[in-house]
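We did not get these values from a lab; they are worked out from the coordinates using the rules stated. Values in this document were obtained by computation on a predicted structure and should not be read as measured data. Because the Cβ atoms are built from the backbone with ideal geometry, glycine has one as well, and the counts that use them run over all protein chains shown.
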Amino acid sequence: MRFVLITLIVGAIAASGCSPETETVTEPQTNIDSWDVQGHRGARGIRPENTLPSFEAALDAGVSTLELDVHLSADDIPVIWHDPRVDSTKCRGTDSSLPSADEEPLVRDLTAAQLATYICDLNPNPGTYPDQTADSGDIAGDSYGIATLQDLFEMVSRYAASDSVTQDQRSNAGTVLFNIELKRDPRNPNSIGDSFDGTNPAEFETALADSVTAWGYEDRVIVQSFDHRSLWALHTLAPSIRLASLTFEDIPDLADLAIAGASIWSPRHSMLSADLVAAATEAGLDVIPWTVNKQDDVCALLAMGTAGIITDRPDLVLGTDGWLADCDEG
């Protein structure tokens with residue numbers, strides 16, 4: 001095991017957008033080997049987001065967790081997609097009997113089989129993700145349709161048994177975690193289009209819990225959401241699944257999150273400070289911020305004592321010559 005004891009000039013970290021403080025803080029030891037590097041929407045920086053080839057690229061990089069977004073199809077199947085609609089900047093249609101991608105149909109209005117016919121291999125932000133390509137994977141091939149959660153579990157299982165990857169990659173795939181974001185929107189309570197009443201689990205939470213328990217993955221799944229009501233509702237169905245509370249700029253009552261059932265707090269990385277991380281840890285929460293794509297931020301957050309990060313570029317963070325290894329050397 002490697003450990004790092006880093007004395008931070010937090011004012012310097014503030015320049016990177018991670019903390020507004022100016023005093024010198026000495027942080028506790030951080031175990032780099034157990035730091036949770038989560039591939040955001042797979043590996044969005046190098047493959048189109050939330051697609052099976054993107055998740056394969058994240059596995060190739062050696063992530064400990066695959067982060068993904070889930071909506072609900074018309075036939076109540078959890079499907080992996082970030083937006084409430086089929087986004088024309090990310091997808092193109094192949095079935096003339098269905099709405100074109102330019103019409104941007106609601107995910108909830110299409111069955112899982114229909115959603116799979118859209119090819120979502122486009123890069124909507126080439127300036128932000130210049131290295132993103134729609135290459136085929138050895139395991140996922142060119143499966144750029146909107147996939148179900150079941151499709152992802154099956155692909156990862158195939159990866160863990162494949163001779164086309166290394167033994168270390170197979171072993172990692174056999175234990176990799178899944179951080180699944182339920183895309184309920186607290187600002188738009190009807191965004192999923194089910195019977196959710198704000199308290200009790202509805203079709204969305206039930207379908208997610210059923211999919212996870214069918215695979216026996218309760219210990220390999222984290223469920224996160226900005227709509228914390230959805231988390232607490234899911235908790236009544238599957239209390240052993242870990243919960244992560246997503247937040248934007250606001251600082252929630254951390255103790256209340258832990259009491260309600262969360263074990264992880266996932267804020268925007270730029271609003272964190274060493275004091276906030278310490279307060280969350282004291283409340284019993286791991287801190288795993290989003291979305292961290294710069295080396296200085298990776299090292300600063302490591303030194304603050306976070307439990308990990310969510311990143312679009314796990315390929316740059318991990319590895320013997322990766323950003324994380326450079327933090328260790330520093």
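Under a 5 Å amide H to amide H cut-off, with H placed in plane at 1.01 Å, what residues pair with residue 191 once short-range neighbours are removed?
The answer is 185.
Cα atoms only, segment 94-164: Rg and Dmax in Å?
That works out to 14.4, 42 Å for Rg and Dmax.
Please compute the Kirkwood hydrodynamic radius over segment 245-319, one decimal place, Å, based on all pairs of different Cα atoms.
Final number for the Kirkwood radius of segment 245-319 is 12.4 Å.
Is there a quick way to get the dipole size of the chain? I mean about its Cα centre, with the Cβ of Lys and Arg at +1 and of Asp and Glu at -1; what is the value in debye to the nearest 20?
Working: 19 positive and 53 negative charges, 20 e Å.
With only Lys, Arg, Asp and Glu charged at Cβ, the dipole is about 100 debye.
Over segment 139-237, consider all pairs of different Cα atoms and compute the Kirkwood hydrodynamic radius from their mean reciprocal separation; express it in Å, one decimal.
Radius from the Kirkwood sum: 15.0 Å.
For q = 0.09, 0.16, 0.22 Å⁻¹, what log10 I(q)/I(0) does segment 76-211 give under the Debye formula with an equal point scatterer on each alpha carbon and no solvent?
Calculated log10 I(q)/I(0) at the listed q: -0.33, -1.00, -1.37.
Listed highest first by mean packing, meaning other Cβ atoms within 10 Å per residue, what order do 85-93, 54-62, 153-161 come in?
Top of the packing list down: 54-62, 85-93, 153-161.
Quick query: amide H of residue 179 versus all other amide H atoms, modeled in the peptide plane; which residues come in under 5 Å with a sequence gap of 5 or more or a different chain?
Amide H neighbours of residue 179: 66, 67, 68, 222.
If you average the C-alpha positions of segment 179-237 and of segment 263-330 separately, how far apart do those two centres end up, in angstrom?
For segment 179-237 versus segment 263-330, the Cα centre distance is 26 Å.
Semi-axes, largest first, in whole Å: what does sqrt of 5 times each Cα gyration tensor eigenvalue give for the chain?
Largest first, the chain gives 32, 24, 18 Å.
State the volume of the convex hull built on the alpha-carbon positions of segment 172-227, expressed per residue in Å³ and rounded to an integer.
Enclosed volume per residue, from the Cα hull, is 83 Å³.
Sort the following peptides by mean Cβ neighbour count (other Cβ atoms within 10 Å, averaged over residues), highest first: 133-142, 67-76.
67-76, 133-142
As I understand it, the value is the acute angle between the Cα axis of helix 295-304 and the longest principal axis of the Cα atoms of the chain; what does it come to in degrees, rounded to 10?
Approximately 60 degrees, to the nearest 10.
Please compute P(r) over all alpha-carbon pairs of segment 19-148, binned at 10 Å starting from zero, and give each bin as a whole-number percent.
Distribution as computed: 13, 37, 28, 12, 8, 2, 0 percent.
Of 40, 150, 70, whose Cα points farthest to the positive end of the dipole of segment 38-152 (charges on the beta-carbon: +1 Lys, Arg; -1 Asp, Glu; origin at the Cα centre)?
Towards the positive end, the residue furthest out is 40.
If every alpha-carbon in segment 77-122 counts as one equal scatterer, what log10 I(q)/I(0) does Debye give at q = 0.32 1/Å?
-1.51
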